[in-house]
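Here's the structure we're looking at; comments come further down.
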Amino acid sequence: MSAPTTAVVIATRDRRERLVATLERLSALEERPPVLVVDNGSRDGTADAVRERFPDVEVTVLPTDRGAGARNVALRALDAAYVGLCDDDSWWAPGALTRAAAALDRAPRLAVVAARVLVGARERVDATCELMARSPLGARAGLPGPRVLGFVACGAVVRRTAVLGVGGFDERYGIGGEELPLALDLARAGWWLAYAPDVVAHHHPAAAGRRRDREALTARNDLWTAWLHRPPLTAAGRTARILAGARRQAPSAALAALAGGRWVARERRPAHAAVERELRLVERDARRG
């Protein structure tokens with residue numbers, strides 16, 4: 001799929017109407033970015049609806065749900081230098097993709113532009129974005145904002161080759177908490193991530209019931225990330241905090257995480273000392289907030 005500088009990727013599953021609404025908003029952008037939808041095995045006619053209503057949108061249908069791994073499929077299929085990630089319930093504000101591309105052009109070591117994500121009809125700033133805005137890592141010349149060690153996947157513009165160069169998103173994570181291990185892999189490889197408050201995305205998330213399911217999955221994934229990337233004592237402390245924060249979801253999250261114990265032990269690779277120091281600074285700042 002040949003593309004200009006910036007393309008948009010959406011991973012989706014069984015949310016046809018939400019996806020259609022998102023594509024309508026993206027098609028109204030003056031940038032007219034090419035859009036690639038990767039359908040994670042939907043059974044609600046998603047692919048047919050997109051092809052019928054949006055003939056310019058490329059659709060790739062996967063036979064099974066590959067979670068965040070669907071984004072890797074899209075990144076490999078594209079020729080664009082930069083890719084704006086969306087969920088089926090998020091979209092880019094006018095001019096956001098242009099500003100992100102300019103930031104990536106200015107800073108060759110920048111791999112991720114983390115957008116300011118506005119949530120729901122009231123456009124509340126996402127809590128993660130509030131933390132990134134005051135990142136203790138500070139800014140470097142040429143970056144659009146402070147350096148960070150994370151991002152919100154539904155509001156990030158990435159350097160395609162950088163993400164693929166570190167292996168992309170881990171398919172085993174599904175969707176929820178999959179951003180941090182990728183951020184750590186990028187930092188380990190010498191890439192920067194930066195928060196850009198003038199790059200704006202909108203996110204209208206699902207109802208509370210679905211969010212509760214996502215919280216359990218995210219807790220499991222956070223445990224995996226701690227066990228994979230942190231020193232033993234730090235991983236133990238993180239485990240206690242993650243399970244305390246998961247509350248009623250803690251038993252199921254712990255059991256699900258332990259089910260992946262064999263591959264976690266096999267692939268464990270703690271972050272470099274410099275990255276670990278910065279990650280501790282970020283976590284300390286988050287606890288103060």
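The values are calculated or read from the model by the stated rules, or taken from the named source; none is laboratory data. From a predicted model like this one, the values you see are computed outputs, not experimental measurements. Virtual Cβ from ideal backbone geometry, glycine too; neighbours counted across all protein chains shown. When the accessible area is computed, the model is the full protein with side chains, heavy atoms only, and any ligands, DNA or RNA have been set aside. Shrake-Rupley method; radii C 1.70, N 1.55, O 1.52, S 1.80 Å.
Please state the Cα pair-distance histogram of the chain with 10 angstrom bins from zero: what percent is in each bin? The calculated distribution, bin by bin, is 6, 29, 38, 22, 5, 0.
The HN-Hα couplings worked out from phi for segment 128-143 by the Karplus form 6.51 cos²θ - 1.76 cosθ + 1.60 (θ = phi - 60°) are 5, 5, 4, 5, 5, 4, 10, 3, x, 7, x, 10, 10, 4, x, 8 Hz, whole numbers, x standing for Gly and Pro. Backbone geometry of segment 39-55 corresponds, through the Karplus equation with coefficients 6.51, -1.76 and 1.60 at θ = phi - 60°, to 3J(HN,Hα) couplings of 8, 7, x, 4, 10, 10, x, 4, 4, 5, 5, 5, 4, 6, 8, 9, x Hz, x marking Gly and Pro. Each other residue within a Cβ distance under 14 Å of Arg106 adds +1 if Lys or Arg and -1 if Asp or Glu, for a net charge of +2.
How many angstrom lie between the Cα centre of segment 91-128 and the Cα centre of segment 241-289? Each part's Cα centre sits 26 Å from the other's.
Neighbours of Gly69 by Cβ distance under 15 Å: Lys/Arg scored +1, Asp/Glu scored -1, total -3.
Within the shell of other residues whose beta carbon sits under 15 angstrom from the beta carbon of Ala133, the net charge comes to +1, with Lys and Arg scored +1 and Asp and Glu -1. Binning the alpha carbon pair distances of segment 5-105 at 10 angstrom intervals from zero yields the distribution 16, 52, 28, 4, expressed in whole percent.
Taking H as built 1.01 Å from N, whose amide H comes closer than 5 Å to the amide H of Ala139, not counting residues under 5 places away? Under 5 Å from the amide H of Ala139: Arg147. The GNM of the chain, with springs linking C-alpha atoms under 10 angstrom apart, assigns the highest mean-square fluctuation among Gly69, Gly41, Gly245 to Gly245.
Leaving out ligands, DNA and RNA, what percent of the accessible area of the chain is carbon and sulfur, probe 1.4 Å?
51
What FRET efficiency comes out for Ala77 versus Asp198 if R0 is 51 angstrom and r is the Cβ-Cβ distance? Round to the nearest 0.05. That gives a FRET efficiency of 0.95. Stretching Arg288 away from Arg266 to a fully extended chain increases their span by 4.5 nm, per 0.36 nm per residue minus the current alpha-carbon distance.
Tell me, what is the per residue accessible area of the chain in Å², probe radius 1.4 Å?
Working: 13220 Å² over 289 residues.
I get 46 Å² per residue for this part.
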